[in-house]
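Report on the following structure.
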Amino acid sequence: MSVIEADGAGIKEKVKVGEGQLIGYSLSFCVLDIVHREVREDQVEKIISGTNAESEEAWEKLLSDYKNSYWKDHADVAEEIARRLYESGKLEQPRTKGENGPNISNGYWKPLEE
């Protein structure tokens, strides 16, 4: 079991990640953890994101924006991961349904069984 320490947007978290399935709550941070091999892509049950990409055009713009900001050091690999998650139905965007996005102040990974 490893410990992930992430510091982004003023958020610090320590999550013990074992072999179990995980639910993520931030597309940008979760994809980076996969890129850095702190979480395996096959551990991701789903990501409930704060994104609001209601159309294909909005999704492409979001990817472009993230590649130039959050993922700039690993843009192409991060984009591929995000596309796989999206295309496999593992990305939920509550804001596209008028609901609130997740609050990640207490971390952006949770074990599936919680």
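Just so you know, all these numbers are worked out from the coordinates, no wet-lab data involved. Keep in mind that what you see is a predicted model, and the values were worked out from it rather than measured. Note: ideal-geometry Cβ built from the backbone for every residue, glycine included; neighbour counts use all protein chains shown.
What to note about this one:
- Of interest is the spacing of the C-alpha centroids, which for the range 19-68 and the range 70-88 amounts to 7 Å.
- Sparse-neighbour loop sites [GluC sites (Glu not before Pro); the range 47-113; at most 11 other C-beta within 10 Å; DSSP]: E99, E113
- Working value for the range 16-114: equivalent-ellipsoid semi-axes of 20, 17, 12 Å, each the square root of 5 times a Cα gyration tensor eigenvalue, largest first.
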